[in-house]
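Values quoted throughout were computed directly from the atomic coordinates according to the rules given, and no laboratory measurement underlies them. Treat the numbers as computed from the prediction; the structure is a model and nothing was measured. Backbone-built Cβ (ideal geometry, glycine too); neighbour counts: all protein chains shown.
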Amino acid sequence: MSDILNKIIKVDFPEDQYIPRVTNKNQIVLHHTVSPNNSVKGDIASWVNSKARIATCIIIGGDGTPYQMFSSKYWGYHLGIKSSVFKNLNIPYNLLDDNAIGVEIDSAGGLTKKNGKWYDVYGYHIKDEDVVEYSNGYRGFYGFQKYTDKQIETVKELLLFWHNRYNISLDYNDDMWDVSINALKGKSGVWTHTSFRHDKSDCHPQPELIKMLKELK
């Protein structure tokens, strides 16, 4: 397990951008950044320049390198769940951010196809070999930039490490790709941003990612 610790690059991240208070951890939430998968510095800069204190403890670059903003024992706002979501599902409101470890995967996210080519939200062309298509669509998109094999491997290493450190369940949650009552109730496990909000598309259900998650046990 020490291998993943040796890979992590610690970032000089301002303490006022997260909450340096130790909390119990029972969930891990996977996100993607909606930015090119080699733009870690830009992602971090956007957080530093924001007063919202939104951040995850780790961002994973396209080459699989994990960059740490702060220790997983602390927390930052990364879910943004409205109280109405809990009310509509008739379950008690729960902050969740403080007990969930957030991980960002650098990725362009959802894509749009124009004249036979895929483009991200910034208008950059994404090569076909870097695109996963969903024939029935997913959260409003029919194509997403693929998470790289190295990114998925790093996610796996982090999940195993945090499982051992915090005893977070690694059982695969079939309901993780849509808003889940289990996730909102704080059930221990690995989830995605889409498990908590209808308006998010991170992460998308890439087959290689699902395969890795199912093989964790």
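Quick look at the values:
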item: Filter on Lys117/Lys146; Lys146/Lys200; Lys7/Lys127 - keep pairs with C-alpha separation over 21 Å; result: Lys7/Lys127
item: Region 26-147 shape via C-alpha gyration tensor axes, a/c threshold 1.5; result: oblate
item: Environment charge of Asn24, counting only residues whose C-beta is closer than 12 Å and scoring Lys/Arg +1, Asp/Glu -1; result: +3
item: Cα gyration tensor shape for the chain, rounded if a/c is under 1.5, else prolate or oblate; result: rounded
item: Inter-probe distance in nm under a simple model that places probes 7 Å from Cα toward Cβ, at Val11 and Glu153; result: 2.3
item: Euclidean distance between Cα centres, region 100-120 to region 155-217, Å; result: 19
item: Residues of type aspartates and glutamates that Lys41 reaches as a straight line, Cα spacing below 17 Å, ignoring anything fewer than 8 places off in the same chain; result: Asp12, Asp63, Glu104, Asp106
item: Fewest-first ranking of Cys203, Cys57, using other Cβ atoms within 10 Å as the exposure measure; result: Cys57, Cys203
item: Most fluctuating residue given options Asp171, Asp43, Asp202, as computed from a GNM of the chain linking Cα atoms under 10 Å; result: Asp171
item: Relative contact order of region 129-217, defined on C-alpha pairs under 8 angstrom at six or more residues apart (%); result: 28
item: Selected from Asp16, Asp178, Asp106 as most flexible by GNM, with the chain as the system and alpha-carbon contacts under 10 Å; result: Asp16
item: Counted charge near Ile44, where neighbours are those whose Cβ lies closer than 13 Å (Asp, Glu -1; Lys, Arg +1); result: -2
item: Highest-MSF residue in the chain out of Phe144, Phe161, Phe70 [GNM, Cα springs under 10 Å]; result: Phe161
item: For Asp174, Asp63, Asp12, order by how many other beta-carbon atoms lie within 10 Å, fewest first; result: Asp12, Asp174, Asp63
item: Cα gyration tensor shape of region 140-217, rounded if a/c is under 1.5, else prolate or oblate by comparing a/b with b/c; result: oblate
item: Taking region 11-81 and dividing mean pair separation by its residue count, relative contact order in percent (alpha carbons under 8 Å, at least six apart); result: 44
item: Average Cα contact separation per residue, the chain, under 8 Å, 6 or more apart, as relative contact order %; result: 25
